[in-house]
Amino acid sequence: MEQNLVFATNNEHKLSEVREIAGDSFRVLSLKDIGCFDDIPETADTLEGNALLKARHVKQKYGCDCFADDTGLEISALHNAPGVYSARYAGEAKDAKANMRKVLYELQNQTDRSARFRTVIALIIGEKEYLLEGIIEGTIIEEARGGGGFGYDPIFVPRGYTNTFAELGADVKNTISHRAEAIKKLKQLIDAKQEI
Ligand code: IMP
């Protein structure tokens, strides 16, 4: 039987990315598909906590097998900040340019510019909960470069590359990214369950 999974996000970009990676392994439904227009709280202080909050909300209220993700940029010299607060690092406006300016300001004169994007996916199937993680290591450069992507992409260069995520383009980014890694693990888990 085909596994249906609700993805607890309102982000169309993430939905299409996940559908592309999922292929025929499972069917990804959106919150709209199940009539959910709730403002799901993200009030935990860890990525794991927020991903679980979102997935449990959908499971408890709608009874569907589902998953949710949460992502943060973790900068070594800033003790892994902004982390779970990445979207609001420079304030409630969630302004990507202001967030990047703040990161570059905080890293002034820092020699250690290593950082990683970390995505956590919380998956709930039946009564079981799973946490899956995807990480991409890289460095924060000194000035934003590139027009693609979103969020912190213009200041993040993945390890092994010289261009930022914003310069590399969606095809490359979606093959190597933190989110892609986490979603690939989700697909492997679903495929393994379906073989049993
Ligand atoms: P979310 O949990 O996926 O919504 O991500 C939280 C915040 O992390 C976003 O608002 C962005 O600032 C940042 N972020 C998440 N994923 C990416 C990415 O792939 N590139 C750049 N920034 C990202």
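The values are calculated or read from the model by the stated rules, or taken from the named source; none is laboratory data. Computed from a predicted structure; not experimentally measured. When we count neighbours, we look across all protein chains shown, and the Cβ atoms used for this are built from the backbone with ideal geometry, even at glycine. These accessible areas exclude ligands, DNA and RNA; they are computed on the full protein's heavy atoms, side chains included. Shrake-Rupley method; radii C 1.70, N 1.55, O 1.52, S 1.80 Å.
Here are the numbers:
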| quantity | calculated |
| --- | --- |
| Region 175-196, subset in contact (Cβ under 8 Å) with a residue 24 or more places away in the chain and within 14 Å of the ligand (Cβ to nearest atom), residue surrounded by the fewest Cβ atoms within 10 Å (Cβ to Cβ) | 176 |
| Selection status of residue 83, surrounded by fewer than 21 Cβ atoms within 10 Å (Cβ to Cβ), small (Gly, Ala, Ser) and more than 13 Å from the chain's Cα centre (by Cα) | no |
| Residue in region 80-90 that is nearest to the ligand (Cβ to nearest atom), counting only those that are out of contact with any helix residue (DSSP H, G or I) (no Cβ under 7 Å at 6 or more places or on another chain) and over 14 Å from residue 119 (Cα atoms) | 88 |
| Within region 50-79, tally of residues that are more than 9 Å from the ligand (Cβ to nearest atom) and either of a type in the set (Val, Ile, Thr) or open to solvent by 20 Å² or more (accessible area, probe 1.4 Å) (or both) | 18 |
| Residue satisfying all of: in region 137-154; under 23 Å from residue 17 (Cβ atoms) and crowded, with 18+ Cβ neighbours inside 10 Å; nearest to the ligand (Cβ to nearest atom) among these | 151 |
| From 157, 172, residue being closer than 21 Å to residue 12 by Cα and either surrounded by 15 or more Cβ atoms within 10 Å (Cβ to Cβ) or of a type outside the set (D, E, K, R) (or both) | 172 |
| Enumeration of residues in region 155-183 that are polar (S, T, N, Q) and either part of a loop (DSSP other than H, G, I, E, B) or over 22 Å from residue 18 (Cα atoms) (or both) | 162, 163, 164, 177 |
